[in-house]
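This report concerns only the one structure given below.
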Amino acid sequence: MTRHGGGRSWYGKVIGAALGVTMLAAGVGAWTAQAGAVDTSSPQATAPATPGGDIKRVAATIVHASDKGAQGVNITIDDGPDPTWTPQVLDLLREYGVKATFCMVGTAAQAHPDLVKKVVADGHRLCDHTVSHDTAMDKKSQAYQSQQILDAERMITKASGGVRPMYYRAPGGAFTPFSRKLAASRGMRPLGWNVDSKDFERPGTDAIVATVERELPNGPTILFHDAGGDRSQTLAALRRVLPRLKEQGHSFGFPVR
């Protein structure tokens, strides 16, 4: 998600849960020990969730393009999973036959593994959105960045039952050359966005829809949220945006890797 100022008290719970996460040396050690084998029958599973292994490195450049080509659109959903809003987002996506990429906060995934599994079961893709959603992590040490990315990867993979995240999205776009290369070495393509729907600010459904329509010429990857407060406006906006995009000839896909 984009960088926001106030109104972030909900992340206090995330950060509190993250206090039990160790820093780099201990975190990577736990990550090695706890990450289970991947179910290779899953379309998302590309490698075991252990350091090294058979993980295929991907490009470290930030991706925006859609695998559906020029008329493709990528729906991305950030900051969950959330027990109130994620199931409703999944129901809506299922209703319109749309697949999306869910950028999950590690501690939220750890707290709600059932929802992570539902996201995977519905054919959506997973994205690492760090442990505690620190939008200033680009100002922190490389050890801190490693802990945030690798521990979240472990948490999400474990919660999913072995399906690894295919992308990494830095909170607030706080990428660094180091974090991009680290994620890419783990098979996670750095993921940007072209259209910030501004739904996190809850400006009203009409404003969210108008922002998407105005900004879509900038590129195919659209940012929405399924956590961080009342997401009823997001749901209402998606109910209008998804069929409208289909009517305009767009196809829904995933970011290229």
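The values are calculated or read from the model by the stated rules, or taken from the named source; none is laboratory data. No experiment lies behind these values; they were computed from the predicted model shown. As a convention, Cβ positions derive from the backbone with ideal geometry for all residues, glycine included, and neighbour counts pool all protein chains shown. All accessible areas refer to the heavy atoms of the entire protein, side chains included, with ligands and DNA or RNA removed. Shrake-Rupley method; radii C 1.70, N 1.55, O 1.52, S 1.80 Å.
The accessible area of Ser146, taken with all protein chains in place and a 1.4 Å probe, comes to roughly 10 Å². Under the simplified labelling scheme, the Lys140-Arg57 pair shows an inter-label distance of 2.5 nm, with each label point 7 Å from Cα along Cα→Cβ. Surface composition of region 112-221: carbon plus sulfur atoms contribute 50% of the solvent-accessible area (1.4 Å probe, protein chains only, all chains present). Summarising the amide proton neighbourhood of Ala170: residues at separation of 5 or more, or on other chains, whose placed amide H is nearer than 5 Å comprise Leu191. 3J(HN,Hα) couplings calculated from phi for region 155-168 with the Karplus curve 6.51 cos²θ - 1.76 cosθ + 1.60 (θ = phi - 60°) are, in sequence order, 4, 5, 4, 5, 5, 7, x, x, 8, 7, x, 9, 9, 10 Hz; Gly and Pro show x. What region 130-196 shows is 24 Å² of accessible area per residue, with the surface traced by a 1.4 Å probe over protein heavy atoms. Region 192-251 and region 142-158 have Cα centres separated by 28 Å. On full extension, the segment bounded by Lys118 and Lys99 gains 5.6 nm, given 0.36 nm per residue less the C-alpha separation.
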